[in-house]
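What follows is calculated from the coordinates using simple rules that are stated; it is not laboratory data. None of these values were measured; they are calculated from a predicted model. Virtual Cβ from ideal backbone geometry, glycine too; neighbours counted across all protein chains shown.
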């Protein structure tokens, strides 16, 4: 089962540091530096707070590629933020060993069609460029873009694999499942191996 928790407000940094499990906070601090990027830190920690509110417990660690995971729990999760929104996707109870999940979210209205065409030329793989050329709209662009990022976050390959990832081909091969959704002015996509989950729920969190 996939559940995506969403908050439309990033929490205060000090409140988050006081509220989070000390082990989670120590693991986060070992992998991140707040510095001048306080907004990004608040978004990341808000994602962990959403995870904690789901009731999930476990020992948090960050892999070499920066992907967080819980060691002693049968779950995987992925965090994304855009604008003031923070999302945490949780894959719970999968019978597949080492099942993984990826999530990405993007605000609408950020790019002109010309900019989207430039980004598609640079970052989209062949099948994606063809799909965008057939329907050069913001909806098409953001669906492809969020699927790409969700997929490479799921695999742990990150941005280095973004250009070579063809989500049109991936969907055609039916080995992975994409869920696409909207929350107000945000487009989001979730990616999991096809045999890992059969349901999706979006849960809005309010403090």
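Of 2, 75, how do they rank once you tally other Cβ atoms within 10 Å and put the fewest first?
In order of increasing Cβ crowding within 10 Å: 75, 2.
Report the gain in length on full extension from residue 8 to residue 173: 0.36 nm times residue separation, minus Cα-Cα distance, nm rounded to one decimal.
55.9 nm
Run lengths n ≥ 4 of DSSP H only: what is the helix-derived mean residue ellipticity at 222 nm for the chain, with -39500 (n - 2.57) per run over all residues, to the nearest 500?
Result for the chain, helices only: -11500 deg cm²/dmol.
Evaluate the relative contact order of the chain (contact order divided by residue number), counting alpha-carbon pairs under 8 angstrom at least 6 apart; express in whole percent.
25 percent
Could you work out how far helix 22-31 tilts from the main Cα principal axis of the chain, as a 0 to 90 degree angle to the nearest 10?
Approximately 50 degrees, to the nearest ten.
How do 132-145, 177-190 rank on mean C-beta neighbours within 10 Å, highest first?
177-190, 132-145
For volume of the Cα convex hull per residue in Å³, one of (1) 123; (2) 221; (3) 166 was computed from the structure I shared and the rest are decoys. Which label?
Computed from the coordinates, volume of the Cα convex hull per residue in Å³ corresponds to (1).
Rank the residues 116, 11, 1, 154 as a footprinting-exposure proxy: fewest other Cβ atoms within 10 Å of their Cβ go first.
1, 11, 116, 154
Provide 176, 124 in ascending order of the number of other Cβ atoms located within 10 Å of each residue's Cβ, fewest first.
176, 124
Stretch residue 40-residue 134 to full length: gain in nm at 0.36 nm per residue minus the Cα-Cα span?
Between residue 40 and residue 134, full extension yields an extra 30.3 nm.
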